[in-house]
């Protein structure tokens, strides 16, 4: 099924000067290129997939999500994280939503995930209007987009037609980055899922509205990457480190914003914080220190609008990882996102 041309931009890296050693201004910057007409999801997903069968879908999702985020703005970041975990483990198939013994959702790596009740609420409302038509995967994908918009982020068109998986294994949750990997390991993980270096840097920017528990960052506050140093490695700003150690004394149950400057606004401030050694996660701060990723970070700092454009494009790419687009592939349309259907329709 042909999809229309996506009104987004891809950002490619070009070299503005020679690449010889010792040239301070020799670093890559971005230029905007239109997305080609033939997209990876062409003939599989479609922007008008539900236009006839569930025309009110996006309005239902937006209305419900607005109610939830008005009560708790942190749910926006939670949905972004939930969507990322779903897609990165075994592909975008709502396997993270299945709630049974031994599922991804029950895994140790998933214990801090939130937002399940939001998707359940939206699904229940959608089922009233369009029973057995809309997949949980498509609902999670669109809800993630709307959550981003509600906190000031970009809008992008979501192609639909994904099916829900009938399989979910706890061990697959371990495939999602934990925040303690090297840039090399992260890049290998992203490339194995069809994503690239730009996607790695830009999708990390979702941390502009995220937060993490104090228990998660104890290693960051008191030891280096090799576990032997008493100082953070990569480094943390001294004043910021003092604040964090006081707030997270004894691995308390407190939470800390990943963006210490504008934690409730979707913007590019996250990258400017890295310049000041205020990257809370090791993997975030290394984006600025690693020579492969630092030029991209510098470009996003210098031209914040580039982050907005590329975040949209990278989210579209993320939502296309190993999509189940046919019932013949073992997919289904769950009537309850927590459980597989008792039989295939």
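Dividing the alpha-carbon radius of gyration of the range 254-345 by 2.2 N^0.38 Å (N being the number of residues), what value is obtained?
Normalised by 2.2 N^0.38 Å, the Cα Rg of the range 254-345 equals 1.57.
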For this session: Just check the range 301-340 against the gyration tensor rule for me: Cα atoms, a ≥ b ≥ c as the square roots of the eigenvalues, rounded for a/c under 1.5, and otherwise prolate or oblate depending on whether a/b exceeds b/c.
Result: prolate
Exercise. Which residues does a label at residue 99 reach in the range 112-138, if reach means a backbone N under 19 Å from a point 7 Å past the Cα toward the Cβ?
Worked result: 112-128, 135-138
Exercise. For residue 192 and residue 237, FRET efficiency with R0 = 30 Å and r from the beta-carbon atoms, rounded to 0.05?
Worked result: 0.35
Seminar exercise, completed: Between residue 51 and residue 289, the two model label points (7 Å from Cα along the beta-carbon direction) sit apart by a distance in nm of 5.1 nm
Problem set entry | Burial order of peptide ranges 197-203, 298-304 (average beta-carbon count within 10 Å, highest first) | 197-203, 298-304
Exercise. What number, in percent, do you get for the relative contact order of the range 183-317 if the mean sequence gap of Cα pairs under 8 Å and at least 6 apart is divided by its residue count?
Worked result: 29 percent
For this session: Mind ranking 180-191, 134-145 by how tightly packed they are, going by the mean number of other C-beta atoms within 10 angstrom, highest first?
Result: 134-145, 180-191
Seminar exercise, completed: Beyond 22 Å, the calculated P(r) of the range 183-317 holds a percent of Cα-Cα pairs equal to 36 percent
For this session: Could you sort 92-100, 267-275 so that the peptide with the highest average Cβ count within 10 Å comes first and the rest follow in order?
Result: 92-100, 267-275
Exercise. The range 115-162: Rg/Rh from Cα coordinates, Kirkwood Rh?
Worked result: 0.98
For this session: With N set to the residue count of the range 85-230, report its C-alpha Rg divided by 2.2 N^0.38 Å to two decimal places.
Result: 1.16
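Values quoted throughout were computed directly from the atomic coordinates according to the rules given, and no laboratory measurement underlies them. Note that the coordinates shown come from a computational prediction; the quantities given were computed from them, not determined experimentally. Glycine gets a Cβ as well: all are built from the backbone with ideal geometry, and neighbour counts include every protein chain shown.
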